[in-house]
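Below: one structure, written as structure tokens.
Quick note: the coordinates plus some simple rules give every number you see, no bench work behind them. Source: prediction; values computed, not measured. A quick note on method: Cβ atoms are made from the backbone with ideal geometry, for glycine too, and the neighbour counts reach across all protein chains shown.
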Amino acid sequence: MILSVVRKKFTGILVLIFCTSVMTLAADPVDYVDSFIGTTNFGTTNPGAVCPNGMMSVSPFNVMGSDLNVYDKDSRWWSTPYCHENRYFTGFSHVNLSGVGCPELGSLLVMPTAGPLHVDYHVYGSEYTDERASPGYYSNLLMSSGIRTEVTATARTSAERYTFPAGQGNILLNLGEGLTNETGAMVRKVSDTEIEGMKLLGTFCYNPQAVFPIYFVLRVSKTPKASGYWKKQRAMKGVEAEWTPDNGKYKIYTDYGRELAGDDIGYWFSFDTEEGEQIDVQMGVSFVSIENARENLDAEQGGVFDFEKVRREAEAKWANDLSRIKVCGGTEEQKTVFYTALYHTLIHPNILNDVNGEYPLMESDGVGKVTEGHVRYTVFSLWDTYRNLHQLMTLLFPERQLDMVRSMIDIYKEWGWMPKWELYGRETFTMEGDPAIPVITDTWLKGLRDFDMETVYEAFVKSATTPGAENRMRPDIDPYIERGYIPLGVYAADLSGDNAVSHALEYYVADYALSVLADSLGHKEDAERFRRASLGYRHYYCPEYGTLRPLMADGSFYSPFDPRQGENFETAPGFHEGSAWNYTFYVPHDVKGLAGLMGGKRKFVEKLQMVFDEGLYDPANEPDIAYPYLFSYFPGEEWRTQKTVRELLEKYYRAAPDGIPGNDDTGTMSAWAVFSMMGFYPDCPGNPSYTLTVPAFDRVEIELEPDYAGGHDILVIENRVGDGYSSRVKAGEKYIKGFRISHSDLLEAGTVIFEK
């Protein structure tokens, strides 16, 4: 027995020594990123080039123009510029969204071609092969022409290199197509090698008025032998049609050199090329003005064409960010899954301001300017990211998180409301809730406080108390305040599209966070008021089914009721994109209170286990992604969390194009994997604590910012149970009670060890 104990301790020492040495010798984290993960199974990521949290992204665009493609953007609801199964390439789109469920951006399409000039993408597109992708870089080989394409990016600009065969080479800018449902663009020739212009974007997720312009400047490295515009002409009838040779066709302009505007327009350059000749393209963008797009381009690429320099700098940025976490042990596939997930969490939110600090004011035609040294962020998909991504930012990149918070505050100052799902200065009102509250509360309670809390609290109380007719965040708040719940029929025109329960649950979570924040600020009455409001979920609990159930205006339960209705995105009265089972346990702030309603710990655990056993868990829908961690709220059941998390990671997260369980939701699903594989998870938004689980690796080292981590510069997580279950956890020099730990205690511990 003694020998066995000694052997175990000696083995643990050897593992520690091995891991410590390997961490300095193994492949760099950036080498493990597989940019093709999430590019099918509706993961909606893309393998294009982007810098961490950069404005510019350059993605291969392969979702239109040919029956060779499995999925076409115009034949169904489609929200990504790239699909792994598709084979017909029509150019590179500039500025794209990653992991979203609605089509938007993905425009400014640049395409190289060889031979005679064609401007119809059905003709000039090409099959491709030999795809290569790594953080900050993408390349393919066009089969129709033999052109090698390569793209990389800075924060606000692209660098592109096209290697041509001998003969005529063309570079096309298509301003008529993209993922956006908005139309209209303008382009102007500046010189033989430079053009400028704009395109209108917007209408994301059903909001037809949420439109905004993107401005660009494009340069080519070689003077063309010819260049000009094109425009799709409207279809004409009668004599007019007889007189117009371009009727209903693309008209190519060769003798016109001012500006051109329209819905389906573009610009072309033609060159005489030698075999293997490389022509570079640069594009700078701005959401303020053409002048700023040019300034961005000049500032970030220095007025020269140096593709390799831009590529090296992009890769270095990714290497620096991804190296914040180092892992030892686990399989090669697990490392690929982990670092690719971390990569995906660092795409959005992304910068909005130009190099001069200017950005478009929220819901305004005006222009703002950030304080020097700070960043204005955009793409706040907060219904998704408030659950885990911002908690990851707070841990790894606290300065970025602070600027994200400051961006939210400025949005409030400019518009009068915090963001819900903000996109390039427009509020899309996508999904529900009041998600800025738990995000900023979590940030504040973790000690990141360099922002205007007085304004924050004003904004939070405003959205939590303003009557519905005047409330942009909570339009159905009136019955919520009066009764503690929202009945069906208050906000939707028909019951099938009525998400009353989902709305209320999000308000409960927000009000809980607000109560905690109010308490920390000394607003005791507010704290009690919002704490009581957060417990209103009890109204929805139906003992007959053991689930939450929609309520009618008279207080009765909705009938007929099927708690499984809503699976696979079927409409279900009361619930948004899910069933009652996907929402019933979404009371993260009162888990033990919910257990009491269900009849106590045993029945709660049995019912929660049933959700996983009977396939009622949806890994691709946010309300239930914290479910595996709820077991650990009850002593003796922690092993279920460890088992379930491990099984979910193995089943749904793989080093393959379908290796994300559906829509990545701007990094939210990836953040779940990052936290889960490290061994801790923030399962209650607005509560600065984590539930612990056995990490996927033998050792995890997290680099901290000492100024925001109580002077600590590293956090180490060790797994000494292998594939087994842990019965106790040592944090620093002490064993903790249970499997939950506060953020401050986690940092203070420095080392967390999972033991049998």
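Taking 0.36 nm per residue of separation and subtracting the Cα-Cα distance, what length does fully extending Y735 through T465 add? List each step's numbers first, then the result.
Working: separation 270, 0.36 × 270 = 97.20 nm, distance 4.31 nm.
Extending this stretch completely gives an extra 92.9 nm.
Each Lys or Arg adds one and each Asp or Glu takes one away; over the other residues whose Cβ falls under 13 Å from the Cβ of R324, this sums to -4.
Rounded, prolate or oblate: which fits region 50-192 when a ≥ b ≥ c are the square roots of the eigenvalues of the alpha-carbon gyration tensor, with rounded for a/c under 1.5 and prolate only if a/b beats b/c?
rounded
Over all alpha-carbon pairs in region 565-610, figure out the percentage whose distance exceeds 13 Å. Working shown, then result.
Working: 599 of 1035 pairs.
So the portion of pairs separated by more than 13 Å is 58 percent.
With the simple model of a label 7 Å out from the Cα in the direction of the Cβ, T455 to N320 spans 2.8 nm.
In nm, what is the difference between 0.36 nm times the number of residues separating E291 and S520 and their Cα-Cα distance?
Details: separation 229, 0.36 × 229 = 82.44 nm, distance 4.59 nm.
Length difference between fully extended and current span is 77.9 nm.
Roughly how tilted is helix 290-301, in degrees to the nearest 10 and between 0 and 90, from the longest Cα axis of the chain? So the inclination is approximately 80 degrees. For a modelled paramagnetic label at N568, 7 Å from Cα along Cα-to-Cβ, no residue of region 654-698 is in reach, as no backbone nitrogen comes under 13 Å. Fully extending the segment from E131 to E705, taken as 0.36 nm per residue of separation minus the present Cα-Cα distance, adds 202.9 nm.
Here's the list of lysines a cross-link from K317 could span, going by alpha-carbon distance under 23 Å and ignoring same-chain residues fewer than 8 apart: K309, K326, K335.
What does the charge count around D354 come to, taking other residues whose C-beta lies under 14 Å from its C-beta (Lys +1, Arg +1, Asp -1, Glu -1)? The answer is -2.
Which one, V729, A527, N356, projects farthest toward the positive side of the charge dipole computed for the chain from Cβ point charges (K/R +1, D/E -1)? The residue sitting most towards the positive pole is V729. Around the amide H of R699, modelled in the peptide plane, lie the amide H atoms of C328, N719, all under 5 Å away and 5 or more residues distant in sequence or on another chain.
Treat region 395-537 as a sphere of radius equal to its Kirkwood radius over Cα pairs and apply Stokes-Einstein at 37 °C in a medium of 0.692 mPa s; give the translational diffusion coefficient in µm²/s, rounded to a whole number. Answer, rounded: 211 µm²/s.
Beyond a 22 Å Cα-Cα separation, which of these cross-linked pairs lie in this structure: K420/K592; K734/K756; K603/K730; K199/K237?
Correct reply: K420/K592; K603/K730; K199/K237.
Working value for region 476-584: equivalent-ellipsoid semi-axes of 27, 13, 12 Å, each the square root of 5 times a Cα gyration tensor eigenvalue, largest first. When semi-axes √(5λ) of the Cα gyration tensor in Å is calculated directly from the model, which label among (1) 73, 31, 24; (2) 46, 32, 24; (3) 70, 37, 26 fits? This structure yields the entry labelled (2).
Report summary: the helix-based calculation at 222 nm, which adds -39500 (n - 2.57) for every DSSP H run with n ≥ 4 and divides by the residues of the chain, gives -9000 deg cm²/dmol. Kirkwood Rh, region 383-432, all Cα pairs: how many Å? For region 383-432, inverting the mean 1/r across all distinct Cα pairs yields 11.6 Å. Compactness of region 40-319 was expressed as the Cα radius of gyration divided by 2.2 N^0.38 Å, which yields 0.95. Among the GluC sites (Glu not before Pro) in region 683-756, which ones are in a DSSP loop with at most 11 other Cβ atoms within 10 Å of the Cβ? Mind listing them? Of the GluC sites (Glu not before Pro), the ones in loops of region 683-756 whose Cβ has at most 11 other Cβ atoms within 10 Å are E733.
About its Cα centre, the chain has a charge dipole of approximately 1760 debye under the convention of +1 per Lys or Arg Cβ and -1 per Asp or Glu Cβ, with nothing else charged.
Positive end of the charge dipole of the chain (Lys, Arg +1 and Asp, Glu -1 on Cβ, about the Cα centre): tell me which of N86, V281, F557 has its Cα farthest that way. Sorting the options by dipole projection puts first F557. Distance between the pseudo-spin-label points of D658 and E275 (7 Å out from Cα toward the beta carbon): 4.3 nm. For the chain, the cysteines with no partner cysteine C-beta closer than 4.7 Å are C51, C83, C542, C684.
PRE reach from V123 (point 7 Å along Cα→Cβ): which of region 218-244 fall under 19 Å by backbone N? So the set is 226-236, 244.
According to the square roots a ≥ b ≥ c of the eigenvalues of the Cα gyration tensor, what is the shape class of region 354-456, taking rounded for a/c under 1.5, prolate for a/b larger than b/c otherwise, and oblate for the remainder? Numbers along the way, then the final one.
Values: a/c = 1.65, a/b = 1.18, b/c = 1.41.
Cα axes put region 354-456 in the oblate bin.
For helix 453-465, what angle does its Cα long axis make with the longest principal axis of the chain, in degrees from 0 to 90 and rounded to 10? Approximately 80 degrees, to the nearest ten.
Within a Cβ distance under 14 Å of E528, other residues only, what is the Lys/Arg minus Asp/Glu net charge? That works out to 0. For region 611-756, what does the alpha-carbon gyration tensor say about shape, rounded, prolate or oblate, given a ≥ b ≥ c as the root eigenvalues, a/c under 1.5 as rounded, and a/b over b/c as prolate? It comes out prolate by the Cα gyration axes. Between T331 and K756, the simple label model (points 7 Å from Cα in the Cβ direction) yields a spacing of 2.3 nm.
When I252, I437, I147, I37 are ordered from fewest to most other Cβ atoms inside 10 Å of their Cβ, what list results? Let's see the in-between values first.
Numbers: I252 15, I437 31, I147 23, I37 27.
By the 10 Å Cβ count, ascending: I252, I147, I37, I437.
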